[in-house]
1. Got a number for residues in segment 275-295 being part of a loop (DSSP other than H, G, I, E, B) and either more than 30 Å from Glu95 (Cα to Cα) or modelled with pLDDT under 95 (or both)?
2. Would you be able to tell me the number of residues in segment 426-446 that are surrounded by 11 or more Cβ atoms within 10 Å (Cβ to Cβ), among the small types (Gly, Ala, Ser) and within 20 Å of the chain's Cα centre (by Cα)?
3. Could you say whether any residue in segment 246-254 is touching a Pro at 6+ places or on another chain (Cβ under 9 Å), at pLDDT 95 or above and either among the hydrophobic types (A, V, I, L, M, F, W, C) or open to solvent by less than 10 Å² (accessible area, probe 1.4 Å) (or both)?
4. Which one of the conditions (1) open to solvent by less than 10 Å² (accessible area, probe 1.4 Å); (2) farther than 19 Å from Ala450 by Cα does Val142 fail to meet, given that it meets all the rest?
5. Filter segment 206-242 down to the residues that are closer than 17 Å to Val349 by Cα and touching a Lys or Arg at 6+ places or on another chain (Cβ under 7 Å) and list them by number.
6. Only one residue in Glu354, Glu368, Glu412, Glu393 is charged (D, E, K, R) and within 19 Å of Ser66 (Cβ to Cβ). Which one?
7. Filter segment 163-200 down to residues that are assigned to a helix (DSSP H, G or I) and open to solvent by 30 Å² or more (accessible area, probe 1.4 Å), then give me how many there are.
8. Can you find even one residue in segment 151-159 that is modelled with pLDDT of 95 or more, open to solvent by 10 Å² or more (accessible area, probe 1.4 Å) and at positive phi?
Amino acid sequence: MVTLALACACSQSTPAPPASPTATDRTGKIGAATYEIVVPSVWNGTLFLYSHGYVAPGSPNGAQASPSADARTWLLGHNFAIAGSSYSSTGWALEDAFKDQMALLDFFAAHVAKPKRVVAWGASLGGIITAGLVQLHPERFVAAMPLCGVLAGGIATWNSELDAAYAFKTLLAPGSTLQLTHITSPDANGQVANRILSAAAATPPGRARLALVAALIDLPGWFDPRLAEPATTDYAAREAAQIEWESRVDFSFAFRYRAELERRAGGNPSWNAGVDYGRLLASSSNRDEVQALYRDTGLDLQKDLNTLNAGATIKPDAAAAAYLDRFISFDGRLGVPTLSMHTTGDGLVIAPNESAYKQVVSTAGNEEMLRQVFVHRAGHCTFTGAETIAALEVLLKRVYTGSWDDAGLQPEALNASAVAEGAAANKFFGVALDPSFVAYTPPPYPRPFAKGSAIPA
C-alpha cells in the first residue's frame, strides 16, 4: 500500500509562515527501526507523528515523517514538529509499528522535549496504524487523521482478499496449483495467478467472471486519476479498470503478500465458511455491471454463485485469527477527534472501509468524535498536498476550539481552501489536479468485522 496535515494556535485563521524556518533534523535507530525527527527553529509545541504505508516484504524500508514534500514544508513552515518511524519490519507490520511509534514518542520526549500535543496521522497501512494508536493509547494523542486508511481492520481486510482469491480460482482455474492460504512460494503463486488472469482477460466470459470477482469486494470501475470516472453504465470501461486493479495491485496482496502475513500470524487468519456470495453480490455497487456482462456472454450467474457457495469451507487457524484481531480490529471507542479522508475510486483500500469504521464508532456512541471527507478521484491515496492541508486545517481547528467546523468540512469550503494553497500544491506526482472534495456516502463494507465479533472455530 502506498502512503500519502495546520497550524495555528488561533481558532479562526492561519498565520503566514516564517520567511525561512531553520529546522533541526535528527535521524537514527531505536532497536531495529530507523526514525526521522524534524523540529523547526520556532516550535509551537505540537508534534505530528506520521505512520507510513505498506512496504512489500523485503523491500527498502526507510523512516518517513510526512506523506509529501508539500505537507512537510507546510507543517515546518507553520511551526510544527514532525516525526516518523520506519518500523522494525516490512509487510503487515502493525505489531512492530505500534511498538516503534510509541518508542519514538518516548524518545522525542526524552531527547527533544515533551510535546504539548501529539497528532497521529498516516496513510494506507499507516491509516490503520493511526487508528490503532489512538485506540490503544488515547491518552497520548489529541487528534488523529487516517488517510486512505485500512479502517475495516485486519480481519475484514484479509477476509475480503480471500473472497476475491477464492472466487478467482474457483471460477477461472479450479484445477490449478494456485494456493489461497498456507502459501508456500509467494512469487511462484503470484506468477500462476498472473497467467490465469491474463488468459481470463482475453475472453468475454473470462472478463465477466473477473468482474464478479471485483464486485464481491466492491472494486471501483475507475483506475487512472488523470481520467474522468466512467459512466455507471459504461460496463466495458469499468470492467477494464477493475482488471487493472486486480492485475496491477490487488492480486499481489491476495496471492503473494498473504504469505508474509501467515508467517507473522502463525497460520491462516481468514475464512469464508458459510459466506453467501449471492448476498455479497446483491449488496455490491457493481451488481448491475456483473449481471449485464453475464447476460451478454450467456453465462449462468446463479450457477456460478451456487458453485461459490458450495465450496465456501475455508476456516481460519485460531491462533492466527486471534493475532490479526489484535493487530488490529476496531471497537469504536474513539477518544480523540478524528478526521479521515479517502478517495472514492480507491481499489486497494476501498472507500467502504470508511463505512465500517463509522459503524463501529457510532455503535460505541462516539460518532461526534469522527468526521469523514472524500475526494472524487481514482487511485489509492491520490490526494494532492493542498487537499491534505485543507483537511488538516479543519482538524486542528477542532483541536484548538473543541468544536468541529462542519461548514469548513463542506466540499466547497475544502476545495476553496485547497485552491488557496497555490498551483504547485495542487498536483499529484507532477500532474495538475483540481481540488475534488465531494459529498459522498460509501457503500457498506462487504464483510465487516468489529472487535468482539465471533471468529469461527
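The values are calculated or read from the model by the stated rules, or taken from the named source; none is laboratory data. As the structure is a prediction and not an experimental result, all values here were calculated from the model. Heads up, the Cβs are rebuilt from the backbone with ideal geometry, glycines too, and the neighbour counts pull from every protein chain shown. Accessible surface is based on the protein model in full, side chains and every heavy atom, while ligands, DNA and RNA are left aside. Shrake-Rupley method; radii C 1.70, N 1.55, O 1.52, S 1.80 Å.
1. Selection size over segment 275-295: 5.
2. Adding up the residues that qualify gives 1.
3. no
4. The number of the failed condition is (1).
5. Once the filter is applied, which keeps residues that are closer than 17 Å to Val349 by Cα and touching a Lys or Arg at 6+ places or on another chain (Cβ under 7 Å), segment 206-242 yields Ala215, Gly221, Pro225.
6. Glu393
7. Total meeting the criteria: 11.
8. No; the residues of segment 151-159 include none that is modelled with pLDDT of 95 or more, open to solvent by 10 Å² or more (accessible area, probe 1.4 Å) and at positive phi.
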